Structures are given as structure tokens and as C-alpha cells.
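Heads up, the thing below is written out as C-alpha cells.
The values are calculated or read from the model by the stated rules, or taken from the named source; none is laboratory data. Computed from a prediction, not measured in an experiment: that's the story for all the values here. Ideal geometry is used to build each Cβ from the backbone, glycine not excepted, and the neighbour counts take in all protein chains shown. When the accessible area is computed, the model is the full protein with side chains, heavy atoms only, and any ligands, DNA or RNA have been set aside. Shrake-Rupley method; radii C 1.70, N 1.55, O 1.52, S 1.80 Å.
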Amino acid sequence: MKLSIGIVGLPNVGKSTLFKLLTKNEVHIANYPFVTIDPNIGIVPVPDERVDILEKLSHSAKKIPAIVEFYDIAGLVKGASQGQGLGNQFLSHIRETNAIVHLVRCFQQADIIHVENSVDPIRDIDTINSELVLKDLDTIKKRLDKLEGEARTGDKKKIKELELIKKLEESLNQEKPLYLLDKETLENPEVKSLNLLTGKPVIFLLNGKEEDVSQELKDKISNLKSSYITADLGAEPDLSPLIKRAYEVLNLISFLTTGEDETRAWTIINGWKAPQAAGTIHTDFENKFIRADVVFWKDLVDSGGWVQAKQKGLIRTEGKEYVMKDGDVIVVKHG
Ligand SMILES: Nc1nc2c(ncn2[C@@H]2O[C@H](COP(=O)(O)OP(=O)(O)OP(=O)(O)O)[C@@H](O)[C@H]2O)c(=O)[nH]1
Ligand SMILES: [Mg+2]
């Protein structure tokens with residue numbers, strides 16, 4: 001389960017500043033296949049005290065946090081979807097991400113140039129959103145052209161698909177981002193395969209101080225059914241709330257494994273069952289799953305170790321139907 005986030009916003013609003021702050025503690029572990037392939041992709045550890053505590057408890061040789069990939073792209077300007085600036089080219093770089101951080105300039109400070117010559121976060125949000133919508137419309141038009149031909153043969157499946165994509169087009173034509181549509185539509189494999197930008201959940205990062213954020217702006221974001229975080233990127237803020245929020249909006253949780261070799265956090269979707277979770281550790285574990293020994297991380301720590309937790313009856317044996325919970329520590333028994 002790879003968590004990746006694309007950063008979007010107008011030019012000069014602080015995207016690369018955010019990226020640098022995030023990647024200050026970039027993970028460099030050979031285990032991760034994507035480390036430093038591209039200077040604009042940063043692998044960032046998920047801050048998680050549970051990993052640190054369990055590492056000490058187990059005297060692990062190493063600890064491996066969960067990771068998030070952040071993508072820094074060039075700023076988008078009005079007309080980006082039509083090829084203005086470099087935006088169009090860069091938008092395709094964030095097609096594969098799971099979520100978007102929409103960075104909005106709220107800080108004043110006249111000597112930092114604003115492409116529109118004034119600080120107006122609501123206007124800027126509309127500019128970026130409309131570019132993302134236009135880009136999606138572009139993608140959808142291509143798909144529609146193809147589907148219209150295919151549906152003419154009377155293929156029922158294609159006719160259904162055509163209706164579905166038309167529904168997306170209708171929403172976009174009203175300038176509505178697709179994430180506002182029902183879950184069933186968004187999770188349809190045909191829709192998913194298009195990797196549409198506005199189908200991804202958005203977290204607004206308001207770059208400025210609390211007093212730079214107006215009530216109007218908060219209302220605007222709430223009307224967009226999204227959440228925001230205020231951070232003064234000029235003052236090196238703690239960005240762990242941003243990653244926490246990403247887990248929330250994507251409905252992700254972590255479980256842990258711990259032992260002498262390593263303590264490690266694993267990211268899964270809330271609602272996954274034990275075999276599926278085990279499959280993230282090793283693909284074989286999913287098919288060959290027999291059972292898992294499970295203990296809540298805090299119970300393990302409070303008991304002082306696995307043996308003590310077992311004596312206290314805190315280690316449970318769970319089968320294939322067990323739904324994983326955030327903070328579970330597991331040992332997988334497999335065939
Ligand atoms: N005062 C102040 N300046 C900031 C803040 N965030 C970024 N800056 C400054 O704004 C300028 C642009 O920042 P970048 O991070 O390069 O902006 P960007 O969004 O990556 O810009 P492009 O890559 O051109 O799209 C730099 O001079 C930053 O130091 C902030 O919170 N406060
Ligand atoms: Mg930049």
C-alpha cells in the first residue's frame with residue numbers, strides 16, 4: 001500500500017518550500033524502490049511514536065516507519081490545462097497519487113511576487129480547481145470519443161460505461177470536482193483507471209498565520225467538502241498534522257510488526273482483514289494465511305513484552321475474518 005500525495009498550487013506560493021520541509025528527514029533505506037529517482041519525489045517517514053516505543057521494547061536492529069511519497073510539481077497558472085506554462089506536462093506527474101495537497105498562499109509580504117499581483121486565496125483556489133477540472137474534462141473527452149464508437153455496436157457493457165463517463169462529464173461541466181460524487185461511482189474500476197485529478201481527496205494547506213485566514217476562506221473550503229491545515233511555512237512548522245490528515249481523508253490506518261530484526265509500521269485501508277494486511281508484509285502471506293497473533297501496541301508496551309502480554313492473556317488468536325485495527329501488532333502464522 002503506497003501512499004503518495006501531489007502538491008498543487010499557483011507558482012510561488014510555497015510548494016517547494018513545503019517539499020523541502022517535508023523531505024528534511026527523507027528516508028534513505030535501500031528497501032524502498034523509489035528513493036531519489038527524481039529530485040521532485042520525496043520519500044517521507046510517517047511520524048509515529050509507536051514505532052519508536054516498540055523499537056526500544058524489542059531492542060530491534062532497525063526501525064522502518066511507514067512512508068509517504070510527496071510530489072512537487074511546477075506551479076499551475078490559468079490556462080495550464082490548455083498548455084499554458086509547464087503545468088499541463090506536470091499535471092500528468094500526479095495522476096498516480098492518492099491525494100492532493102492544495103497549497104494556497106495566505107501570507108502577505110509584498111516582496112514575494114504573486115502571479116496575480118495580489119493575495120486572494122479564494123480566487124486562487126478557483127483558478128487551480130478550474131484547471132484541474134479542465135484537465136479532467138480533457139481526459140474524459142478522449143475516453144468518451146472512444147466509448148461512443150464502441151457503444152454503437154450495442155455492447156451493453158460499453159453502453160453502461162458510456163453513461164457512467166457522461167455522468168462525470170456533467171459534474172465537471174458544472175465545475176464540480178469529482179470527489180464530490182458518490183463513492184460507488186468513484187470506485188468503479190473504469191473510473192479509477194482514468195486516474196482523474198479531481199477524483200482524489202484534497203487537503204488544503206493554507207500557507208500563512210492563523211490571522212491570515214479569513215472566515216470566508218474557511219467557509220469556501222467547507223463548501224468544497226474538504227479540510228484544511230494552516231501552517232506558516234516560512235517559520236518551519238511541524239508538518240506531522242498534514243500526514244495525519246492524509247491518513248484520515250484516505251481512510252488509512254497502520255498496523256505494526258516488531259521483533260529483534262526490526263520494528264515496522266505498515267499502511268493499510270481501514271476495514272482490511274488480517275490476510276489482506278498480512279499480504280502487505282509478503283504477498284505469499286495472504287494466500288497462505290492461517291491465523292495471526294494480535295495485540296494492541298499499548299497493551300504490549302504496558303505488559304513489558306510479548307511473553308508477559310501472553311501471560312496476561314492479551315495476545316489474541318485471530319482468523320481470516322479479523323478486521324485489522326489501527327495500532328494492532330501482529331505475528332502472522334502462515335503455511
Ligand atoms: N514570507 C513567507 N515567504 C514564503 C512562505 N512560503 C514560501 N515563501 C517564499 O515564497 C517564495 C516561493 O516559494 P517556493 O516554495 O519556491 O514556491 P513554489 O510554489 O514552489 O513556486 P513554483 O515552483 O515557481 O511554482 C520563496 O521565496 C519562499 O521563501 C511563507 O510562509 N512566508
Ligand atoms: Mg516550486
(request) Order these peptides, 234-244, 170-180, by their mean beta-carbon neighbour count within 10 angstrom, highest first. (result) 170-180, 234-244
(request) Write down the Kirkwood hydrodynamic radius of segment 271-334, to one decimal in angstroms, obtained as one divided by the mean of 1/r over all alpha carbon pairs. (result) 11.8 Å
(message) Report, in listed order, any pair from 176/225; 146/176; 183/320; 78/192 with a Cα-Cα distance greater than 18 Å.
(response) 146/176; 183/320; 78/192
(request) Hey, can you find the accessible area per residue of the chain for me, probe 1.4 Å, expressed in square angstrom? (result) 50 Å²
(message) Ordering 145, 138, 124 by accessible area with a probe of 1.4 Å, largest first, what comes out?
(response) 145, 138, 124
(message) Based on C-alpha coordinates, I'd like the Rg and Dmax of segment 3-249, in Å.
(response) 19.8, 65
(message) Using each residue's phi in segment 256-270, evaluate 6.51 cos²θ - 1.76 cosθ + 1.60 at θ = phi - 60° and report the 3J(HN,Hα) Karplus result to the nearest Hz, with x for Gly and Pro.
(response) 10, 10, 8, x, 5, 5, 7, 10, 9, 9, 10, 9, 9, 7, 4
(request) Starting from the Cα of residue 56, draw a straight line to each of the aspartates and glutamates and keep only those under 14 Å, dropping any in the same chain fewer than 8 residues away. (result) 48, 260, 261, 262, 302
(request) Please give every one of the lysines within straight-line cross-link reach of residue 244, meaning a C-alpha to C-alpha distance under 17 Å, and leave out same-chain neighbours fewer than 8 residues apart. (result) 2, 200, 325
(request) Report the one residue of 272, 317, 204 whose Cα lies farthest in the direction of the positive end of the charge dipole of the chain (charges on C-beta: Lys and Arg +1, Asp and Glu -1; origin at the Cα centre). (result) 317
(request) Could you list which residues have their amide H under 5 Å from that of residue 334, counting only those 5 or more apart in sequence or on another chain, with H placed in the peptide plane? (result) 290
(message) Give the residue list of GluC sites (Glu not before Pro) in segment 243-312 that are DSSP loop and have at most 10 other beta-carbon atoms within 10 angstrom.
(response) 260
(request) Go ahead and estimate [θ] at 222 nm for the chain from helices alone: -39,500 (n - 2.57) per DSSP H run with n ≥ 4, summed, over the residue count, rounded to 500. (result) -11000 deg cm²/dmol
